[in-house]
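A short write-up of the structure that comes next.
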Amino acid sequence: MAAVLEIEGLAKTYRSRRRGTRRALDGFDMRVEAGQVHGFLGPNGSGKTTTLRTLLGLIRPNGGRMAILGQEVPAALPTVVGQVGAIVESPQFFPHFSAQDTLSLLAGAGGVPQQRVAEVLELVGLRERAKDRVKTYSLGMKQRLAVASALLKEPKLLILDEPANGLDPGGIREMRTLMSDLAASGMTVVISSHILAEVQLICDSVTIISLGRRVAFGPVAQVLAQHSGGGLRVRLEAVTDLPAAADLLLRSGARVTPQDDHLLVYEVDKPATVTRTLAAANLFVSELAPVTVDLESVFLQLTATAPVPGQHRQVDQSAVVDGTSSSSSDSISGGWGV
Amino acid sequence: MSLFNTELRRLRKRRFVRYLTLGGLLVLAAVAVGMFFTNQKVGPAQIAAAERAADREYQQNLGYMRQEQAACEQAKATGNADVGRFPPDCSSIQPPPREAFQTDWHLPATFEFREEFGSTLIALTAVLGLVAFVGGASFIGAEWSTGGMMNLLLWRPQRIRVLLTKLGALLSALSGLTVVTIGAWTAAFWATGTYRGSTEGMTSGAWQSFGLTGLRGLALVLIAGALGFGLASLGRHTALALGGVLGVMVVGQFGLGVVLGMARVKFVEAWLFPTYLLAWMQKKVTLQNWASCQATYNGECKPATFDITWQNSSILLSVALVLVLGGAIWSMRRRDVT
């Protein structure tokens, strides 16, 4: 399948006399196929917004290559930008203009027919408030306006940074439906979001970034499968038999993690091995199920950002590519707002 | 709709720009109306009234001198305490001659178009220049600080073209405003001259001179707009332009003037920016140093003089323009949009 978006080895380093050198992107790679809804995930300060800004020509990279719709950017950005709709970070608009004026001016600047303004206002549910000044809008309404501005061009590639931010539950569901409809119409959508349940629900594929590097990518199901560990959850008829069962399984070569009322068993060739081994010792299995993971747990595991009781994680503390963690005192790290 | 037309439309829609322009025009209208009502035509009746007033004033002085002379003689005769305040010879107390009380002093203000219209063009330029500077700074500064510029760059990722198109739109609007205002201003003062003064002596040469002054005024308004635009673009905020100018005026002009005065520097005004603005409009400003003596053939001392011409001013204004706009373009090209 053709790639709509390709990023290879993207690097961006910020230099400051006060804070020294900070590598926001450190050889980041990303690929999005045509027609996909692609989730772009990462903890705060991991480099998501820097990636999007760099891709859209707002930030100059220090290295790497990027291509949108097969054309190298930033060189071809003026040519290709007409096919890219984007919102980056929180929606920002001139507060004293109405939504109608805001979109009309953008349409004028981009050579989009003015009747498209009414269409996108209808699409995002702002028709009734179109003539109100943006300063009177709630965050959710501004978010809708931002999505409307991105859709104005009828883009082939839609890039949305936190599109559900500030939306009410109904708005989130509407946004989900909109994304699905747009993808069904052939549009490629890249969504950066922290609402991982939503991402898991609507995305075909994901890229996870941590400290400026890609730590996971691929179809959602594949990423989940890769990080489920192939484990099995084993319950016995009697909880008191769990230690003996754990001992037996360990001796058979499996890796066992005891839990309160069950065992998590890894590194067994097939589930039948477990039942056979335990049955031979008169220990009878009441439940044998593969361990499933969700995107949130995979994200927390890969980025090492799971909360730890009694600790207060700082924004720069997340995983580097080999899975170890880094602190903000390191010279190579992400940063707030990157 | 082209980017240029869109930017013109954006400028027209900006509420602050509208109010600022309206405020400036109201000030100018107040000046024009005030000038109309504070001037009047001078005819035989006004001259006769002025002669009567001058005569009345002479008579009052004559009576007062006679009283003083009588008091002097009485004081001399009685030898009372007041004798010290009179001259030794009471006959030396004489009234001024009748011709010292000039009729012109009592004539009402009358507007001599040929003599006075040039000065009013300086006032007009000052008001429009202020509107241009603040409006230019706000036009780009508010775009940067509210995120509107980033949005626009997502649609038109040609930074220099966007910046220069915005500047072009601003300067076009300022040109239109200034030309129309100068036209209305000329008409208003022509009416004042016609009905409240005189329009005699307006040869084609006089009109040409006013035309050139108007052109220099237009240039100054455009330079003020471009400087405000450039400074706000450099700082990406309106406040940088306004604060910068306030700082220059308070520290660089008032403070410098005081320090140079204390250091007894010759021609202090040559170091002050407003002098160059005045020289630009008047074609020449002659500074005088009263602490010097340039001897003349008849033994008189004349102060040393120093001319600042409009050519000197044009060099200063060009350097300021190149530095500020060059800096803004360089900054637009090099700095990341974050």
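The values are calculated or read from the model by the stated rules, or taken from the named source; none is laboratory data. Predicted model only: the values in this text are computed from it and were never measured. Don't worry about glycine lacking a Cβ; one is built from the backbone with ideal geometry, like all the others, and counts go over all protein chains shown. Ligands, DNA and RNA are stripped out before the accessible areas are found, and what is left, the full protein with its side chains, is counted by its heavy atoms. Shrake-Rupley method; radii C 1.70, N 1.55, O 1.52, S 1.80 Å.
Brief remarks follow.
- Selection within segment B:223-242: residues that are open to solvent by less than 40 Å² (accessible area, probe 1.4 Å) and farther than 12 Å from B:V324 by Cα. The member of this set that is modelled with the highest pLDDT is B:R236.
- Meeting the requirement of 1 or more residues that are within 14 Å of chain A (Cβ to nearest Cβ) and within 30 Å of B:F111 (Cα to Cα), the helices (runs of 4 or more DSSP H) wholly within segment B:1-95 are B:15-38.
- The residues listed here are B:E57, B:E99, B:E73; of these, the one that is of a type outside the set (A, V, I, L, M, F, W, C) and at pLDDT 90 or above is B:E57.
- No other residue among B:S145, B:S138 is in contact (Cβ under 8 Å) with a residue 40 or more places away in the chain, within 11 Å of another protein chain (Cβ to nearest Cβ) and either surrounded by 19 or more Cβ atoms within 10 Å (Cβ to Cβ) or farther than 24 Å from A:K153 by Cα (or both) apart from B:S145.
- The set of residues in segment B:257-302 that are of a type in the set (F, W, Y) and open to solvent by less than 90 Å² (accessible area, probe 1.4 Å) comprises B:F267, B:F273, B:Y276, B:W280.
- B:R159 being among the charged types (D, E, K, R), on the phi < 0 side of the Ramachandran plot and away from every other protein chain (no Cβ under 14 Å): no
- The set of residues from segment A:20-60 being in a loop (DSSP other than H, G, I, E, B) and either among the polar types (S, T, N, Q) or surrounded by 24 or more Cβ atoms within 10 Å (Cβ to Cβ) (or both) comprises A:Q36, A:G42, A:P43, A:N44, A:G45, A:S46, A:G47.
- Highlighted here are the helices (runs of 4 or more DSSP H) found entirely within segment A:62-135 that include at least 2 residues which are more than 8 Å from chain B (Cβ to nearest Cβ) and closer than 24 Å to B:K13 by Cβ: A:99-110, A:115-123.
- Flag for A:A34 being small (G, A, S), away from chain B (no Cβ under 14 Å) and within 18 Å of the chain's Cα centre (by Cα): yes
- For segment B:178-190, the count of residues that are touching a Lys or Arg at 6+ places or on another chain (Cβ under 9 Å) and either among the β-branched types (V, I, T) or in a helix (DSSP H, G or I) (or both) is zero.
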